[in-house]
Amino acid sequence: MTAQIIDGKTAARNLCDELRAKISLLPSDNRPTLAVILVGDDEASHIYVRNKQKKALSVGIDCRVIELSSSIGENALLSIIEELNEDNKVNGIIVQLPLPRTIDEFKIISAINPYKDVDGFTPYNTGLNVYNRCEAFISATPLGVLRLLQSTNVNLSGKHAVIIGRSNIVGKPMSRLLLNCDCTVTITHSLSENLPAITRTADILVSACGQPRMIKSSWVKDGVIVMDIGITRVDGKIYGDVDFDEVKEKASFITPVPGGVGPMTIACLLSNTYNAFLRNYVHQPHCHHHNCCCHH
Ligand code: GUN
C-alpha cells in the first residue's frame, strides 16, 4: 500500500480563507484582536510568533506582540496579563512557551482569563476538555491534528490511537481529544519500554517526540494513519519524527513534514481567536462550529 498524503498546507489555507471571508463582513473598527506575550530571546519562539502575527494580519485579525526581557519578574508579567484580561479590545491572549526557567509557567498561564485563553492551556479550559465540553478552547496543534484526521473521513471510534509524547501542549490534550472521539488511547513517552512493540499495534499513530526519522516502517502495521508533529532541523533541512519515505509505503494516510500538521497549528489558533471574539460579541458562552466538542 502507498499512503494518501494528507495536505495540511491546503487544509490550513482553506481554513484561513474561511476566516478571512467571515472577518471581512465585520465592521472595520470591530475586528478580533490577539495579544501575544513573548518573553526572552529564544530564536525559535521569535520565528513562531512572527509567523503567527503575519498570518493573523493576513486574515484580518489584529495582533499585538508584547516583547519582554527575560529578566522580567513574575509580578510584572502577571500585571501585564491582568491588563490584557481587562482590555475589552483584546479577545485572545497567548503566552509563547517556553518561558525563562526563572518564571513559574503554571502561575503565569493560570492568570489568563479563560474566555481569552485561545491556546487552551489554562487549568479551566483543560478541565472543560477533560469533561468533553464544547465551550473548551482546544490547543492549536492537537486541534489541527484532529481536523486533518477527520478530513480522511475514517471513522475514529474504537480505533487504537498511540501518541508519542506527553507534553501539556501536545501529547496530553491530543490524548483527551482522541478519547473524546471514542478512540482507545495509549500515551507513550521517552521512558516507555518496547516502544516499537506498542506503535505496531496503532491504527492511528501521532508522534510528537522531536527525534528525526525515528519511526521506521518496522514500527507500524499495514494501513496505519500517521500524524507527524515532529519538526527537527538537521543540516538546514526539516525532518519529522517519521521516516516518511519508508513508512508511506505501509500507511493508509500520512502527513508530510513540512506541509502536514505544521500549517494547521496557526490556522487553528486563529480560528480559536475568531471564536473568542464571537463569544465576547454576543456576551454569552455558547457552542461555535469550530470549537464544538464534536469538532464538526
Ligand atoms: N510553544 C510551542 N507551541 C506553542 C503553542 O502552541 N502555544 C504557545 N503559546 N507556545 C508554544
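The values are calculated or read from the model by the stated rules, or taken from the named source; none is laboratory data. Just so you know, these numbers come straight off a predicted model, no measurement behind them. When we count neighbours, we look across all protein chains shown, and the Cβ atoms used for this are built from the backbone with ideal geometry, even at glycine.
Taking Gly230 as the residue in question, decide whether it is part of a loop (DSSP other than H, G, I, E, B), in contact with a strand residue (DSSP E or B) (Cβ under 9 Å, 6 or more places away or on another chain) and buried (at least 22 other Cβ atoms within 10 Å of the Cβ). Spell out how you get there, then give the answer.
Working: part of a loop (DSSP other than H, G, I, E, B): yes; in contact with a strand residue (DSSP E or B) (Cβ under 9 Å, 6 or more places away or on another chain): yes; buried (at least 22 other Cβ atoms within 10 Å of the Cβ): yes.
Yes.
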**Report entry** Top-ranked residue in segment 19-49 [being more than 19 Å from Asn91 (Cα to Cα) and among the charged types (D, E, K, R); ranked as surrounded by the most Cβ atoms within 10 Å (Cβ to Cβ)]
**Finding:** Asp42
Query - Flag if Lys107 is basic (Lys, Arg), surrounded by fewer than 13 Cβ atoms within 10 Å (Cβ to Cβ) and either under 18 Å from the mean Cα position of the chain (by Cα) or part of a loop (DSSP other than H, G, I, E, B) (or both) - result: no
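Among Val206, Val118, which is the only one that is assigned to a strand (DSSP E or B) and buried (at least 20 other Cβ atoms within 10 Å of the Cβ)?
None of the others qualify; the one that does is Val206.
Given the structure, is Leu148 away from the ligand (no atom under 15 Å from the Cβ), crowded, with 20+ Cβ neighbours inside 10 Å, under 17 Å from the mean Cα position of the chain (by Cα) and part of a helix (DSSP H, G or I)?
Working: away from the ligand (no atom under 15 Å from the Cβ): yes; crowded, with 20+ Cβ neighbours inside 10 Å: yes; under 17 Å from the mean Cα position of the chain (by Cα): yes; part of a helix (DSSP H, G or I): yes.
Considered against the rule, which asks whether it is away from the ligand (no atom under 15 Å from the Cβ), crowded, with 20+ Cβ neighbours inside 10 Å, under 17 Å from the mean Cα position of the chain (by Cα) and part of a helix (DSSP H, G or I), Leu148 comes out as yes.
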Report summary line: Given (1) surrounded by fewer than 20 Cβ atoms within 10 Å (Cβ to Cβ); (2) touching a Phe, Trp or Tyr at 6+ places or on another chain (Cβ under 8 Å), Ser139 misses just (1)
Report summary line: Residue count, segment 172-193, condition within 15 Å of the ligand (Cβ to nearest atom) and surrounded by fewer than 22 Cβ atoms within 10 Å (Cβ to Cβ), comes to 1
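Within segment 209-220, can you find the residues that are over 20 Å from Ser167 (Cα atoms) and outside any loop (DSSP other than H, G, I, E, B)?
Within segment 209-220, the first condition is being over 20 Å from Ser167 (Cα atoms), and the residues that meet it are 216-220.
If the condition is that a residue be over 20 Å from Ser167 (Cα atoms) and outside any loop (DSSP other than H, G, I, E, B), then Ser217, Ser218, Trp219 are the ones that fit.
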Requested in this report: Tell me which residues, restricted to segment 217-262, are among the aliphatic types (A, V, I, L, M) and closer than 24 Å to Asn155 by Cβ.
Outcome: Val220, Val224, Ile225, Val226, Met227, Ile229, Val242, Val247, Ala251, Ile254, Val261
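Test of understanding: among Ile66, Ile94, Ile81, which residue is part of a helix (DSSP H, G or I), under 22 Å from Tyr274 (Cβ atoms) and within 16 Å of the ligand (Cβ to nearest atom)? I'd like the intermediate steps shown before the answer.
On the way: Ile66 fails: part of a helix (DSSP H, G or I); Ile94 fails: part of a helix (DSSP H, G or I).
Answer to the selection: Ile81.
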Query raised in the report: Which residues, taken from segment 121-132, are touching a residue at least 40 places away in the same chain (Cβ under 8 Å) and either part of a helix (DSSP H, G or I) or over 27 Å from Asn14 (Cβ atoms) (or both)?
Result: Thr126, Asn129, Val130
Query raised in the report: Can you name the number of the only condition in (1) crowded, with 20+ Cβ neighbours inside 10 Å; (2) over 19 Å from Pro98 (Cα atoms); (3) among the small types (Gly, Ala, Ser); (4) touching a residue at least 24 places away in the same chain (Cβ under 8 Å) that Gly165 fails?
Result: (2)
Report summary line: So, first residue more than 12 Å from Ser69 (Cβ to Cβ) and in contact (Cβ under 8 Å) with a residue 24 or more places away in the chain in segment 37-54, second residue part of a helix (DSSP H, G or I) and within 12 Å of the ligand (Cβ to nearest atom), Cβ within less than 6 Å, six or more apart or across chains; the pairs are Lys52/Ile266
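Take Arg200 and decide whether it is at positive phi, basic (Lys, Arg) and either modelled with pLDDT of 95 or more or surrounded by 15 or more Cβ atoms within 10 Å (Cβ to Cβ) (or both).
no
Hey, any hits in segment 85-97 for a residue that's farther than 26 Å from Ser70 by Cβ and either among the acidic types (Asp, Glu) or crowded, with 16+ Cβ neighbours inside 10 Å (or both)?
Initial filter on segment 85-97 (farther than 26 Å from Ser70 by Cβ): 88-89, 91.
Filter once more, keeping what is either among the acidic types (Asp, Glu) or crowded, with 16+ Cβ neighbours inside 10 Å (or both): 91.
The answer is yes; a qualifying residue exists.
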Requested in this report: Tell me, yes or no, whether segment 53-60 has at least one residue that is surrounded by 19 or more Cβ atoms within 10 Å (Cβ to Cβ), among the hydrophobic types (A, V, I, L, M, F, W, C) and in contact with a Leu (Cβ under 8 Å, 6 or more places away or on another chain).
Outcome: yes
**Report entry** Count of segment 191-203 residues which are assigned to a loop (DSSP other than H, G, I, E, B), over 24 Å from Leu146 (Cβ atoms) and of a type in the set (Gly, Ala, Ser)
**Finding:** 0
